[in-house]
Each structure stands twice: as C-alpha cells, then as structure tokens.
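Student: Quick one: the structure is below, and I'll ask about it shortly.
The values are calculated or read from the model by the stated rules, or taken from the named source; none is laboratory data. Model, not experiment: these values are computed from the prediction. Cβ placement follows ideal geometry from the backbone for every residue including glycine, while neighbour counts extend to all protein chains displayed. Areas reflect the complete protein model, heavy atoms only, side chains present, ligands, DNA and RNA absent. Shrake-Rupley method; radii C 1.70, N 1.55, O 1.52, S 1.80 Å.
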Amino acid sequence: DELLAFAPLGAELVLEIDMARLRENSDEGKHIASIADFSLDPGHWNDPTRDHDHVVFCAYTLSTAEPDTLTQFKSERLSAIAGAQRLAPGIVAIGSKAMRKRALATKDGASPSMTTDRAFFVVRDRAVPEEAPGATLRVTAAFDFDARVSMARMFDLDRVPTSVSIWGDVVDDLAIVALLTAEGKRESQALARASQKTLARTAQHPWVRRLVLGYLLESVVVKASTTDARLVLLVDPHRLELLSKRLTRYAREAGEAARLPSDNKPNQPQTSPES
C-alpha cells in the first residue's frame with residue numbers, strides 16, 4: 001500500500017508485484033539469483049530480477065483515445081534513472097509528464113490517491129484466500145461499459161468482466177486465484193466459457209508452446225457462480241521446481257543471445273504487438 005499512496009485516484013487497472021518477497025523465497029530466490037547476470041543487456045536501466053523491490057503499474061482512461069499509465073518502483077537502484085520522478089526516498093515514478101505531475105500532486109496532498117478508493121480495495125481483496133500469508137502478485141481492475149468495449153476490441157475477447165481481482169503467491173507451491181465479476185448468473189456463465197476459450201487459445205501461442213507452459217493453462221480450474229467466474233491455478237512444489245528450472249534456463253539463453261552481435265543472433269519468431 002505504500003506505493004498506492006502516491007498513485008493518483010482513478011486508476012482503472014492496477015498491477016502490483018512484490019519482487020522482494022519472491023527473492024526471499026528459499027526456492028524461487030535461488031532461481032532469480034541465477035539469472036540476474038543474464039536477464040538483460042549490460043547497462044540496461046531496469047533489471048527486474050534485482051533492481052526493484054516493489055512495482056505498482058496503474059492504467060488510466062482505458063476507454064479513451066489517449067490512455068495513460070504510471071509505473072512506480074520502490075528501489076534504491078532506480079532513483080537516478082532518466083525520466084523518473086522521485087516521490088520519496090527510494091520511490092520513483094515513470095510515466096508521461098502529465099502523470100508524473102499528477103503523482104507529485106498526490107504526494108503533496110493536493111490530489112487524492114488510490115488509498116482513498118474504498119471500492120478499489122473491496123475488489124482487490126475479493127480473490128485473496130482466507131489466512132493468506134501475503135501476495136507476490138495482485139491485479140485489480142474495474143471497467144465501465146466503454147472500457148469493456150474497447151478491451152474486447154483490442155484483445156479480441158468474447159467477454160470482458162466488470163471487475164477483476166487476481167491474487168497470486170509462491171511459498172512451497174504456486175497459487176493464483178482470479179475472480180472475474182459479471183452482471184448476473186447468465187453472464188458469469190458466459191464469462192467462464194469465454195475464459196476457457198481464451199486459455200485454450202493462449203495455450204497454443206508459439207511462445208507458450210516453446211516454453212512448454214500450455215499444460216499450466218490447461219490445468220486452470222474455471223467455475224461460474226451467480227456473480228462471477230472463478231479461475232484457480234495450483235502448481236505443486238515438484239512441478240514448480242521443474243517449471244522454475246526450465247524458465248531459468250530459457251532466461252539465461254535469452255540473456256546470452258542478447259549479448260551476441262546481431263549477425264550471430266538466432267532467428268526469433270515474429271509476433272504481433274498484441275501477442
């Protein structure tokens with residue numbers, strides 16, 4: 001919530017990632033450490049494996065012709081990067097000039113922050129299991145009619161929920177819970193079917209198949225209630241260990257490929273920006 005105190009009120013979508021919690025995990029931390037030197041080209045300004053502890057990404061005015069975003073980092077390493085607005089010791093924001101100005105106004109108390117939005121926290125907490133020890137990932141979103149129409153068109157979706165609450169954490173196993181709220185039982189059932197269709201389609205994407213991640217999407221349990229579609233993914237410790245090793249290997253290969261001269265780089269599959 002520390003970074004949310006600097007996020008201007010009105011975000012339609014908020015993504016929160018706790019990298020420090022992930023690094024502190026005894027198993028996942030060692031995999032992250034093993035790819036830290038390979039994740040990006042030398043001198044790149046932002047290495048997500050070690051450069052920041054917490055990230056909050058906020059999206060605004062999604063249904064308009066000019067959507068805007070603000071990304072905040074809690075990080076000592078990023079305090080001096082170009083284009084960043086320092087909001088507090090160890091906290092910086094990156095975004096358009098207008099969004100950085102709004103963040104400063106929020107910091108100074110001249111404009112309300114997301115912490116004053118009670119409806120936001122109601123949606124944010126819906127997916128959190130009882131007695132959850134914490135969260136590595138959270139996604140919270142609320143979409144009006146125009147935003148849902150825009151997102152359906154942009155991402156070729158059959159259905160877009162009125163709100164989204166996603167919680168994810170890694171301890172011994174990996175658990176992700178997503179609640180997609182709909183307007184009534186019939187719509188929630190349609191949303192569940194659309195979610196299954198989207199998961200199946202995503203499982204066939206070239207990058208997903210290359211990383212052998214299709215089985216994860218196929219194992220997501222989707223159920224509809226009278227108000228929402230609930231998606232749950234559980235990965236047991238053994239499978240999580242195998243998955244971490246595989247992704248670590250690919251991350252190292254990608255990092256090593258990035259260091260090669262352009263003439264020596266292997267051909268990469270071409271994907272669209274939407275992908």
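Student: Confirm whether Val139 is closer than 16 Å to Val56 by Cα, among the β-branched types (Val, Ile, Thr) and surrounded by 18 or more Cβ atoms within 10 Å (Cβ to Cβ). Outline the logic, then answer.
Tutor: Values: closer than 16 Å to Val56 by Cα: yes; among the β-branched types (Val, Ile, Thr): yes; surrounded by 18 or more Cβ atoms within 10 Å (Cβ to Cβ): yes.
It is true that Val139 is closer than 16 Å to Val56 by Cα, among the β-branched types (Val, Ile, Thr) and surrounded by 18 or more Cβ atoms within 10 Å (Cβ to Cβ).
Student: Return the only residue of Ser188, Ser113 being more than 29 Å from Ala7 (Cβ to Cβ), in contact (Cβ under 8 Å) with a residue 24 or more places away in the chain, of a type in the set (S, T, N, Q) and surrounded by 17 or more Cβ atoms within 10 Å (Cβ to Cβ).
Tutor: Criteria check complete, one pass: Ser188.
Student: If you take just the helices (runs of 4 or more DSSP H) that sit entirely in segment 19-121, which of them hold at least 1 residues that are modelled with pLDDT under 90?
Tutor: On the way: elements: 19-24, 28-35, 97-107.
Here the list reads 19-24, 28-35.
Student: If you don't mind, another one. Of the residues that sit in segment 230-243 and are open to solvent by less than 60 Å² (accessible area, probe 1.4 Å) and either modelled with pLDDT under 95 or in contact with an Asp or Glu (Cβ under 9 Å, 6 or more places away or on another chain) (or both), which one is farthest from Ala142 (Cα to Cα)? Talk me through it step by step, then tell me what you get.
Tutor: In the first step, residues of segment 230-243 are kept if they are open to solvent by less than 60 Å² (accessible area, probe 1.4 Å); the result is 231-233, 235, 240-241, 243.
Those left that are additionally either modelled with pLDDT under 95 or in contact with an Asp or Glu (Cβ under 9 Å, 6 or more places away or on another chain) (or both): 235, 240-241, 243.
Working: Val235: 28, Leu240: 31, Glu241: 34, Leu243: 32 Å.
Filtering first and then ranking leaves Glu241.
Student: Another question about this same structure. Can you tell me which residues in segment 92-110 are open to solvent by less than 40 Å² (accessible area, probe 1.4 Å) and in contact (Cβ under 8 Å) with a residue 40 or more places away in the chain?
Tutor: Ala93, Met99, Ala103, Ala105, Thr106
Student: A follow-up question, please. Can you pull out every residue in segment 131-147 that is under 23 Å from Arg159 (Cβ atoms) and among the hydroxyl-bearing types (Ser, Thr, Tyr)?
Tutor: Step one: of segment 131-147, the residues under 23 Å from Arg159 (Cβ atoms) are 137-147.
Hit for segment 131-147 is Thr140, nothing else.
Rundown of residues vs (1) farther than 29 Å from Ala175 by Cβ; (2) out of contact with any Gly (no Cβ under 9 Å at 6 or more places or on another chain); (3) surrounded by 15 or more Cβ atoms within 10 Å (Cβ to Cβ); (4) among the hydrophobic types (A, V, I, L, M, F, W, C), yes/no style:
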{"site": "Ser63", "(1), (2), (3), (4)": "yes, yes, yes, no"}
{"site": "Arg77", "(1), (2), (3), (4)": "yes, yes, yes, no"}
{"site": "Val122", "(1), (2), (3), (4)": "no, yes, no, yes"}
{"site": "Val128", "(1), (2), (3), (4)": "no, yes, yes, yes"}
{"site": "Pro133", "(1), (2), (3), (4)": "no, yes, no, no"}
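Student: Please work out if Val208 is of a type in the set (Val, Ile, Thr), part of a helix (DSSP H, G or I) and either under 26 Å from Ser165 (Cβ atoms) or at pLDDT 95 or above (or both). Lay out the reasoning, then the answer.
Tutor: Details: of a type in the set (Val, Ile, Thr): yes; part of a helix (DSSP H, G or I): yes; either under 26 Å from Ser165 (Cβ atoms) or at pLDDT 95 or above (or both): yes.
Answer is yes for this residue.
Student: Now a separate question. Given (1) more than 19 Å from the chain's Cα centre (by Cα); (2) at pLDDT 95 or above; (3) among the hydroxyl-bearing types (Ser, Thr, Tyr), identify the lone condition not met by Thr140.
Tutor: (1)
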